[in-house]
Every structure is written in structure tokens, then in C-alpha cells.
């Protein structure tokens, strides 16, 4: 709690820098316009103009907030101009990918912990893969999956039979989810291997003196003691999944989702739209990581561990 | 069909060899520890080649490794130009500026617990956000050339590096700092002779995390606009032309550059923090 005042001070300082930057960076355009119109601007006129431009170089915080308000609350959430609509498209791909990536990651980690051959052959590659920019394959994966026709989650016909119309988020969901899964996969593998190996030799010996079966050792010792590592890697994984989904949206069609908003914004110089999408992505990331953090605290407390 | 059967047979044999080696008395030796993952990697490549040829997968979906290698060898000049543009100009300069700035900031706020308590949570929070989203904004500000890519990299590596350095500077314990005080050491002396060396494992952790982020930032920023060279540019245009062997060659370069970059930083770490328990095995 004693950190509240320092944090607020830092945030206030960042805001002040932001406003100063907005005035400074947008003043060139304001002065150009004034010169063309043949008028002299006073200092206060410059300030008011720079903070209210339609396509500012750097939008002021209140402009971004206004834009966010207009595109979330004041728009119908099914509208293609609503940030909630785009946010949901990104979120659905992130979550689907994250669930698959985490599930497969945990399975592989169990395999690695129990099979020495898998450990020796796969683990060096899993660690090495953390140092390479996997995201670079996103555009290719999107195009290849488009070519072979694997783009929609449930085909159009199945979805229409089930829901009447195909929900918007299902269109083009699969490539994004695959990249999101791929990005969350390796952090989970590495974290879970560490976690499943967390019990020390004494504890494993104790299980042996109880003549516990392999399954019992797994469920009652290894899995519970891996939980802190599990949640830590989930936090890394979900953040990576979100980045994966956003970057995949840069090359996906139709151009939608938060990544799509950023891309169209940068095509048409709509800086407010880019900033709104950026803040939307930040809020989404913070909410997802916060949610996992809350799950972590709750689970660990019920298990009697220190969170 | 013989390609498919052959590659599957190869896979079975190699897996059997790996299992045998991993459970043989030789498993602790250095050679086997390198050999087993190498065999696994080669097996993957052979199975990939065999399945792509055997099932006649079109090149626009998945080219075989030999085609990628041929393309790699025949377009070394293009790959080199892209590498210089993206890695040397974009990623490396941004990495040096970003990590340097974060390090200096951490040292500057070191004497102010107030600023640390404020900056650390904010930095941790920002480090978890999808900062890559600032790429379109920074490309607008700094133009299409490498300057904007370096700027994206600076923003991406700054906060992870800052958080790690601040944590590192707090890593020396009370006894050690008390000892420095009994020596009558001044603040700069304590910083240089005790706290910075003690911070090195944390600082290198930040530097290692940043290597991957730098490369990702430089490549993804190129998707938002770039001159007609660069790894991200090449990937997105060659994908559009469906020449996937070139894309894979470019991805190979990215993977090699990423692991070499990480390896160099890890080697420097080994030299600097030779005293740390994690390095003394």
C-alpha cells in the first residue's frame, strides 16, 4: 500500500510527459496550417489546437480516452467499428490458442519428465526455440492455412446449422489460434518441466518408502509442487498468445481484430484508431494476466502454499 | 509411397537408437548429450523431406528441406542484405540503445527508493503488455527505414531490462553492504565494487530476454512498412508471391541470428559471472 503514492507520482509524470510530447509533436502541423491561412497563433491557441487535432502525430491522452469511449460504449458491439467487436475477435483466437498450447505443453512436459530419451532429444530444442523469433512464421502460416482452406473454426455450414448464422469471430479464427498456441507452447513446456522436477530427492524417496505407485507420485507430489511454476508459465504464455494473435491479424483476412485495427489505422493515418487499439490490447493483456494471477493466488492459498 | 515408408522406417530406427542411448551407461557423456538432440533434429528433417516428397505436398504449402537449403545457398546475397538491414541496423542498434538507457535509468534511480517503488510496478506492468503494438505508431514517426525498427526495439527491451537491473542492484545483502560501510567506502565505490558485480546475473538475465525481444520487434515492425529490404519485408512479400522456400530460408536466418545473438550474450555472461553458483557446474 505504501507504494501507491510513488506509483501515482510516476504515472502522473508519464502523463505530463505525454501531454508535453503531444503539444511539441503536433505543433508543427498547427503552425503550418496557421502559416498557410496567414494568421499568427498565440501560445494558448497552439496548445488548444495541438490537443484537439483530428489526425495528430501523438494524440493527447484525453483524445485517446474519448476515442475509446466512442468505440466501446457508444457503438453497438456488433458494429464493425466497435472496439469490443474487434477485441472479442482477438480474445477468442488468443484463448483458443492458449488452451491448446497449454494443454499440449503440459502433456509434452509430462513426457519429458518421465522419458529420459524424450528429455535428451526434445528439451535442448525446446530451450533453443525460446531464443528464436517464432513470430516470423505468422504471415506464412496464415497464408498456407488459407490455401488449404483451414481458416474457420467449425466450417461455415456447420456453424450455420448450429447457430443460424456463422458468428463473426469464427471466420479466420484457426490460423490465429494456431500461432497463439505455438507461442504459448514452449514457455509452458519449459516451466512445467522445471515444476514437475521441483520435488527434491528426499520427497521422492519418501513416496518410495510409502511404496507409492508412479501415478500416485505424479498426482500427489509432482503435480501439486509444480503449481507455482505452472501459473508463472501461464502468465508468460497468455501474454505471448495475445501478441501472437495480434501479429497474425496483420496478415489474416478479413482484416479484423485489434491487430487489424492497428494495420488499417496505419494505412490511413488514423492515429487515434491505432492508439485506441493499442490501449485496448494493453487492457486485454492486463486483464488476462491479472485473471491468471488471481487464479494463482486462490489455488495456492487453498493448497496451503505461500502464494 | 516408398518415400513415406522409408522416412517412417528411418524415424523408427532413429527413435530406437535414441531410446537405447538415453538408457545406456553412456548417457552421461558429453558426446551422447550432443548426439541425441542432433539425431532428433536430423530425424525431423528427414521425415519432413520424405513425407513432403512421398505425399507430393505442393511447394506452396510446405517445401522440402532440400529445396529450402538450395534456395538458401542460391540467395545468400539477398539474405545478407536483409540480415544487415534488420539485425545489424534495426535490432542491434535498438538493443544497445534500449538496454543502455534502461541500465543508466536504473543506476540513476538507485538512490531514490521513492522512484523505485513507483517505477518498478509500472515497469513490470508495461513489460507484460503487447508493446509490439507501438510498431505502427513508431513507423509513422521515424519513417520506413531502420530508425523506426530500432525505436520499436528500444521500447520493447527498455522495461524488462530496467526491472531486472533494479532488482539486481538490490541483490547484495545487508552484511556485504555493512562491510563496505565499515571500510568507509563511498557510494560510488560501493556501487562499482560490490553492487554492480552482484547485480550482474540479473543484468544478464535482462540482456538475454532482450535478445529475443529485439529480433521479434525488428521483424514485426517491418510488417508495418519498410524499405525494399529486411527480413520482415522479405517474409511478407515472398509469402504474397507464394515462394515459401524463400520464406523458410529467411526464417532459418532469423533462427540462426536469434540463437547466435543469445549464445554470444550467454558466453559473455559466463565470463563475467564466473563466480555465480549457476555457472559453476
**Item:** Odd one out for residue B:243, checked against (1) within 12 Å of chain A (Cβ to nearest Cβ); (2) surrounded by fewer than 21 Cβ atoms within 10 Å (Cβ to Cβ); (3) under 17 Å from the mean Cα position of the chain (by Cα)
**Value:** (3)
**Prompt:** Are any of the residues in the range B:255-266 in the same structural domain as residue B:204 (by TED's automatic domain parsing), part of a helix (DSSP H, G or I), touching a residue at least 60 places away in the same chain (Cβ under 8 Å) and over 13 Å from the mean Cα position of the chain (by Cα)?
**Reply:** no
**Complete:** Of the listed residues (B:61, B:78), the one being surrounded by fewer than 18 Cβ atoms within 10 Å (Cβ to Cβ), touching a residue at least 40 places away in the same chain (Cβ under 8 Å) and not in a helix (DSSP H, G or I) is B:61
**Asked** Filtering the range B:1-27 down to residues that are within 11 Å of another protein chain (Cβ to nearest Cβ) and surrounded by fewer than 14 Cβ atoms within 10 Å (Cβ to Cβ), which residue is nearest to residue A:119 (Cα to Cα)?
**Response** B:23
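Could you say which residue among A:71, A:94 is within 14 Å of chain B (Cβ to nearest Cβ) and either without any contact (Cβ under 8 Å) to a residue 60 or more places away in the chain or farther than 30 Å from residue A:200 by Cα (or both)?
None of the other options fit; the residue is A:94.
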**Asked** Looking at residue B:251, is it under 24 Å from the mean Cα position of the chain (by Cα), within 11 Å of another protein chain (Cβ to nearest Cβ) and surrounded by 19 or more Cβ atoms within 10 Å (Cβ to Cβ)?
**Response** yes
**Fill in**
Residues of the range A:16-61 being surrounded by fewer than 13 Cβ atoms within 10 Å (Cβ to Cβ), in a helix (DSSP H, G or I) and within 30 Å of the chain's Cα centre (by Cα), in sequence order, are A:16, A:17, A:20
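Condition check ((1) within 13 Å of another protein chain (Cβ to nearest Cβ); (2) more than 14 Å from residue A:10 (Cβ to Cβ); (3) surrounded by fewer than 24 Cβ atoms within 10 Å (Cβ to Cβ)) across all residues:
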| site | (1), (2), (3) |
| --- | --- |
| B:110 | no, yes, yes |
| B:116 | yes, no, yes |
| B:124 | yes, no, yes |
| B:129 | yes, yes, yes |
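Each row is one residue, and each column tells you yes or no for (1) more than 14 Å from chain A (Cβ to nearest Cβ); (2) part of a helix (DSSP H, G or I); (3) at pLDDT 90 or above; (4) closer than 22 Å to residue B:112 by Cα.
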residue: B:157; (1), (2), (3), (4): no, yes, yes, no
residue: B:161; (1), (2), (3), (4): yes, yes, yes, yes
residue: B:165; (1), (2), (3), (4): yes, yes, yes, yes
residue: B:172; (1), (2), (3), (4): yes, no, no, yes
residue: B:180; (1), (2), (3), (4): yes, yes, yes, yes
residue: B:184; (1), (2), (3), (4): yes, no, yes, yes
residue: B:206; (1), (2), (3), (4): yes, yes, yes, yes
residue: B:210; (1), (2), (3), (4): no, yes, yes, no
residue: B:214; (1), (2), (3), (4): no, yes, yes, no
**Request:** Can you tell me which residue among B:37, B:58, B:65 is over 22 Å from residue A:115 (Cβ atoms), touching a helix residue (DSSP H, G or I) at 6+ places or on another chain (Cβ under 6 Å) and either at pLDDT 85 or above or within 12 Å of another protein chain (Cβ to nearest Cβ) (or both)?
**Result:** B:65
**Item:** Single condition residue A:153 does not satisfy, out of (1) within 13 Å of chain B (Cβ to nearest Cβ); (2) surrounded by 19 or more Cβ atoms within 10 Å (Cβ to Cβ); (3) modelled with pLDDT under 80
**Value:** (1)
**Request:** Enumerate the helices (runs of 4 or more DSSP H) found wholly within the range A:169-269, keeping only those where 1 or more residues are within 14 Å of the chain's Cα centre (by Cα), within 13 Å of chain B (Cβ to nearest Cβ) and at pLDDT 90 or above.
**Result:** A:173-196, A:223-251
**Message:** Regarding the range B:136-145, can at least one residue be identified that is more than 14 Å from chain A (Cβ to nearest Cβ), closer than 24 Å to residue A:58 by Cα and at pLDDT 90 or above?
**Reply:** no
**Request:** Give the residue, chosen from B:103, B:72, B:83, B:87, that is under 30 Å from residue B:7 (Cα atoms) and surrounded by 15 or more Cβ atoms within 10 Å (Cβ to Cβ).
**Result:** B:72
**Request:** For the range B:216-240, name all the residues that are touching a residue at least 12 places away in the same chain (Cβ under 8 Å), more than 8 Å from chain A (Cβ to nearest Cβ) and surrounded by fewer than 23 Cβ atoms within 10 Å (Cβ to Cβ).
**Result:** B:227, B:229, B:233, B:238
**Request:** All but one of (1) away from chain A (no Cβ under 11 Å); (2) surrounded by fewer than 23 Cβ atoms within 10 Å (Cβ to Cβ); (3) more than 24 Å from residue B:130 (Cβ to Cβ) hold for residue B:260, so report the exception by its number.
**Result:** (1)
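The values are calculated or read from the model by the stated rules, or taken from the named source; none is laboratory data. This one's a predicted model, so the numbers in the text were calculated from it and none came from an experiment. FYI the Cβ positions are ideal-geometry reconstructions off the backbone, even for glycines, and counts take in every protein chain you see.
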